[in-house]
Amino acid sequence: MNGKPKLWISRPVFEDVIAPLHDVFDVQMEPVERPIPPAVLVERLADVDAAIVGLADRIEASVLAQAPKLRFVANLGVGYNNLDLDALTAAGVGASNTPDVLNETVADYAWALMLGAARKVNAAERWLRDGQWKSSRFDGWLGADVHGRTLGILGMGRIGQAIARRAVGFRTKVIYHNRSRLADDVERECAARYVDKDTLLAESDHLILVLPFTPANRHAIGAPELARMKPTAILINIARGGIVDDVALAHALAQGTIAGAALDVFEGEPALHPSLLEVDNVLLSPHIASASRDTRRGMAALAVDNVLAAFGQGPHAGRPPSLLNPGVLA
Ligand code: 8YV
């Protein structure tokens, strides 16, 4: 017993980035990446003062009731639908996420998925690896253009705006739908036009989803929405599993209701719905939109800053830079 507060980290994180934590905390970090079973989560949190958790770790009232010493939870992600913020606030536990540091990296990946799906990069590579390239038809492998087409963005927060700004060089027209319309100057900077959701569905050649997961957004794209899209359209989900009805999507892809899709997130991930594996016109990716070397380190560093700050240490002592429930530390 060294008298330091205890901190648990639910997944392996860059040792050098978390090094400053050792001066302040008695740190326990899970040595291997694995889904933490609920009973283990409760056990690990039972006598710690702080935790750094990932999106698979659900921190809710029943867990908090068994974590009497817990004062702060830092989430390794900008989305925090794994945290019950009301329960955390009620329990007097501060919480933080990792906004902004990942905007540009995630926007890069959204374009990578859009271009990859439009030009069938994944299917073409599979074909080569299968040793199938005996000859290639002049009218084979015909993909969709991205330049000069209409890109729709559903959810126009900071990541959506970063995606929109990239469209200029491609001369891609941008339309968007969001809970609230952007200020005029931001719309101008993004060269994006606000439309209602039906227009977005009907006019987008490529539709990128970047909205947060909330109960209201569950299956925001299901069979009825897919039916409103162009048969040539491509859907890209980099937001959260569950925003798209994956079964309805697999069906739409098989039927040609839409032309293609690219998914970085899945309902029930890390499991994929088997029907998605049966269709060829979908590019599948294991929730890695933020995974550039610099950005994952930046996310970890921001989580570290937040925890240190909550315990009166580090560059933002007393003021965690991305506190989600400010009332708690007041
Ligand atoms: C994950 C994300 O955090 O930030 C988010 O909300 O979904 C991602 O950046 C990342 O994949 C770590 O699990």
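The rows are residues; the columns are (1) in contact with a Ser or Thr (Cβ under 8 Å, 6 or more places away or on another chain); (2) open to solvent by less than 70 Å² (accessible area, probe 1.4 Å); (3) of a type outside the set (S, T, N, Q); (4) assigned by TED's automatic domain parsing to the domain that holds residue 249.
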site: 299; (1), (2), (3), (4): yes, yes, yes, no
site: 306; (1), (2), (3), (4): yes, yes, no, no
site: 315; (1), (2), (3), (4): no, no, yes, no
site: 324; (1), (2), (3), (4): yes, yes, yes, no
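Which residues, counting only those in the range 13-40, are surrounded by 15 or more Cβ atoms within 10 Å (Cβ to Cβ) and within 24 Å of the chain's Cα centre (by Cα)?
Going through the range 13-40, the residues surrounded by 15 or more Cβ atoms within 10 Å (Cβ to Cβ) turn out to be 13, 17-18, 20-21, 24-27, 29-30, 36.
Residues satisfying the conditions are 13, 17, 18, 29, 30, 36.
Name the strands (runs of 3 or more DSSP E) wholly within the range 186-289 that hold at least 1 residues that are open to solvent by less than 50 Å² (accessible area, probe 1.4 Å) and in contact with an Asp or Glu (Cβ under 7 Å, 6 or more places away or on another chain)?
Numbers: elements: 192-194, 206-209, 234-237, 260-263, 282-284.
In the range 186-289, 234-237 are the strands (runs of 3 or more DSSP E) which contain 1 or more residues that are open to solvent by less than 50 Å² (accessible area, probe 1.4 Å) and in contact with an Asp or Glu (Cβ under 7 Å, 6 or more places away or on another chain).
Within the range 85-99, is there a residue that is of a type outside the set (Phe, Trp, Tyr), in a helix (DSSP H, G or I) and within 15 Å of the ligand (Cβ to nearest atom)? I'd like the intermediate steps shown before the answer.
Quick first cut of the range 85-99, residues of a type outside the set (Phe, Trp, Tyr) only: 85-99.
Then drop every residue that is not in a helix (DSSP H, G or I), which leaves 85-90.
Pick out the ones that are also within 15 Å of the ligand (Cβ to nearest atom) and you get 85.
Within the range 85-99, one or more residues are of a type outside the set (Phe, Trp, Tyr), in a helix (DSSP H, G or I) and within 15 Å of the ligand (Cβ to nearest atom).
Going through the range 100-151 one residue at a time, which ones are assigned to a helix (DSSP H, G or I), open to solvent by 70 Å² or more (accessible area, probe 1.4 Å) and of a type in the set (A, V, I, L, M)?
121, 128
The values are calculated or read from the model by the stated rules, or taken from the named source; none is laboratory data. Since the structure is predicted, the reported quantities are computational estimates derived from the model, not experimental observations. As a convention, Cβ positions derive from the backbone with ideal geometry for all residues, glycine included, and neighbour counts pool all protein chains shown. What goes into the accessible areas is simple: the full protein's heavy atoms, side chains included, and nothing from ligands, DNA or RNA. Shrake-Rupley method; radii C 1.70, N 1.55, O 1.52, S 1.80 Å.
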